[in-house]
C-alpha cells in the first residue's frame, strides 16, 4: 500500500516537471524529465521500470496538450519552480577544481580562441577555468590563437579578445599563433603521409559525405605514400585549385563514431589571410594543428567543450601516430543563459539584418556587451566558478549573473535619484537644503551631494498614482510632506514635522538641479526557438538629480527604486544610461 501511495505521489512530481519542461522548450523530453525526477526523488530508482513507465505516460499526456493548457498548468506550479530557482540562485559554494595527475609547478593550460568574432560568457568559462587551474597548481596559462581559417579570422577580433581577457583579469604567460606554425604543421603532415597514416583525396564533397555515411573507403586510400606526398607538395605550391584535393587522416571508415571516418586534415583556401597574406593556401583543420601545437608547446591540461568529445579518439590516434605527448583533455559542459545567444553565426546574421548594431549590444552575453551593460569582471568570475568543472549542461536565467553583480555593486556605487514620467511638486514650508549621503553604506559619512534650498521638485506620476490628498509622503532621505493637491500636471504639499509616520517613500529630483536622462532597458533578445524578439529593447526618459553630471562614461550608479545603471554616453544636455539590473 505504501508503494502504491508513493507511486501516486511520484506521478504528481513527474507531472510538475513534465509541465515545466514543455513550458520551457515547447515539448516535454523523456530523458530530461526522468533525470530531474531521479534527482528530486532518489528512492524512485528502486524500480526503474515502473518509474520509466510513469514518466513515459505523463510525458506523452503533456505533449498532447495545447500550448494554452500547458501555460495554464504551469501557472499552478510557478511558485514551486521560482522557489527552486531562488535556492539555486542563493547557493554560494564554489565547486572544487581538481586535476587528477597534476603536480604543483608542472601545469600549463591554454585559452584557444578563434579570432572570428567576439568572445562570450561561454568562452569566458573556458578561459577563467584554465586560469584558475594554472593558479591552483602554480602553473602557467598560454594564449593560443587558432587562426587557420582565412575566411573568418580578422585582426579586429584579435584586439577585442585581448582587451576582453585583460578586462577579465587574465594574464597570459605566453602567446602564439597557429598561422605562425604552418611550416611545422606541414612537416607533421608529410610524416603522416609517408607513414601511410594519411592520404590525399580527390573525391567531391558529395562523394565524401556519401562514403562517410555508408562507411565506404575512398579509392585514393590505396595511393602509395610517395604519390600522396607529391600531390601534397603541389597543393602547398599553389598548383591545385580549391576543392580539388584535401588531405585526410586514415581513421576507421566502419567506426560507429563518424568523426573517425577519415576526417580532413588539410584543405585549400586561397583567400588572403589577415596575418600571413597570400603566403599559404593550404590550411590545417583544428584537429590537425591544435593537438600538435598543444603537445609541442608543453600544454598539460586543455579544456574543451563537451560537444567535441566525439573527436577525442581522432586526436589521440593522430598524436600517437606522430609519437607526440598527449595532454590531459577536460571536456566541459556548455553554460547557457535563457533569452540570449552565443552562436557567432547568429550574431552576425542579426547584425546583417539590422536587429543589433554591434557585438556589444547589451542584450548579448559577449564580454564586450556585459562590460557595456555594467557587469563587473569579478561578478562574471564568481558566477562561472559557482559551476566549477562540470560535464552537465547548464541553462540559467540572466538574473543569476545579475545577482552576483548587484552584490558587488551595492556597497560601492553612488546612490542617486532618477524620475521617469515626471510631474512638478510644490512644497510649502521647506526649511533646509537637501544634503544627502552619496552612498548609505558609507560609515564614515565622508561624501555628500548637496543642493540649494528650493520649494520645487520633480517626482514620478507613478509614485503617487495610488495616493490621495492628506496622505503623508517621505521625500526619500530628506523631508516628510503632506499632500494638499493632486491633479494631472501638478502636485502640492506642505512640509511637516512628523518624521515617524508616512504612507509612502518616493524618490525625487531638485526642480533646477536636474539633468535629462534616457535609460536603455535590455530584454531577452530571442525566444526559445532563437527567433528575434523585436520589442526586446526599450527606452525610458526622465530626469536624474544634478550630481549625475559629475559621472564619467562607464560609471555605474544605483538609481533608487529603479535599478543599477551604467552611463553609456554623456552629452551636454542629456545622459544616456543602460539598465544593468533592477
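The values are calculated or read from the model by the stated rules, or taken from the named source; none is laboratory data. This is a predicted model, so every value here is computed, not measured. Glycine gets a Cβ as well: all are built from the backbone with ideal geometry, and neighbour counts include every protein chain shown.
Numbers for the structure displayed
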read-out: Test: residue in the range 394-406 that is over 26 Å from residue 480 (Cα atoms) and in a loop (DSSP other than H, G, I, E, B); value: yes
read-out: Qualifying residues in the range 493-511 (those that are part of a loop (DSSP other than H, G, I, E, B) and modelled with pLDDT under 95) - the one surrounded by the most Cβ atoms within 10 Å (Cβ to Cβ); value: 502
read-out: Hey, residue 315 modelled with pLDDT of 95 or more, buried (at least 21 other Cβ atoms within 10 Å of the Cβ) and under 30 Å from residue 396 (Cα atoms) or not; value: no
read-out: Where residue 390 falls short, out of the listed (1) touching a helix residue (DSSP H, G or I) at 6+ places or on another chain (Cβ under 6 Å); (2) modelled with pLDDT under 90; value: (1)
read-out: In the range 451-473, the residues that are exposed (fewer than 12 other Cβ atoms within 10 Å of the Cβ) and within 42 Å of the chain's Cα centre (by Cα); value: 465, 466
read-out: Candidates 347, 351 - the one that is free of Cβ contacts under 8 Å to residues at least 40 places away in the same chain, surrounded by 14 or more Cβ atoms within 10 Å (Cβ to Cβ), out of contact with any helix residue (DSSP H, G or I) (no Cβ under 9 Å at 6 or more places or on another chain) and assigned to a helix (DSSP H, G or I); value: 351
read-out: The listed residue being in contact with a helix residue (DSSP H, G or I) (Cβ under 7 Å, 6 or more places away or on another chain), buried (at least 16 other Cβ atoms within 10 Å of the Cβ) and at pLDDT 95 or above, out of 197, 220; value: 197
read-out: Within the range 291-314, tally of residues that are in contact with a helix residue (DSSP H, G or I) (Cβ under 7 Å, 6 or more places away or on another chain) and either in a strand (DSSP E or B) or under 23 Å from residue 172 (Cβ atoms) (or both); value: 7
read-out: Among the residues listed as 370, 402, the single one being under 30 Å from residue 133 (Cα atoms), touching a helix residue (DSSP H, G or I) at 6+ places or on another chain (Cβ under 7 Å) and not assigned by TED's automatic domain parsing to the domain that holds residue 557; value: 370
read-out: Strands (runs of 3 or more DSSP E) wholly inside the range 513-568 containing at least 1 residues that are surrounded by fewer than 16 Cβ atoms within 10 Å (Cβ to Cβ); value: 514-522, 537-545
read-out: So residue 427, is it over 25 Å from the mean Cα position of the chain (by Cα) and either assigned by TED's automatic domain parsing to the domain that holds residue 492 or closer than 30 Å to residue 448 by Cα (or both); value: yes
read-out: Some residue of the range 43-56 being under 25 Å from residue 530 (Cα atoms) and either at pLDDT 80 or above or exposed (fewer than 14 other Cβ atoms within 10 Å of the Cβ) (or both); value: no
read-out: The range 12-28: number of residues that are surrounded by fewer than 15 Cβ atoms within 10 Å (Cβ to Cβ) and not in a helix (DSSP H, G or I); value: 2
read-out: Pick from the range 124-156, criterion assigned to a helix (DSSP H, G or I) and touching a helix residue (DSSP H, G or I) at 6+ places or on another chain (Cβ under 8 Å), ranking: surrounded by the most Cβ atoms within 10 Å (Cβ to Cβ); value: 127
read-out: Residue count, the range 70-92 (criterion: loosely packed, with under 14 Cβ neighbours inside 10 Å and at pLDDT 85 or above); value: 0
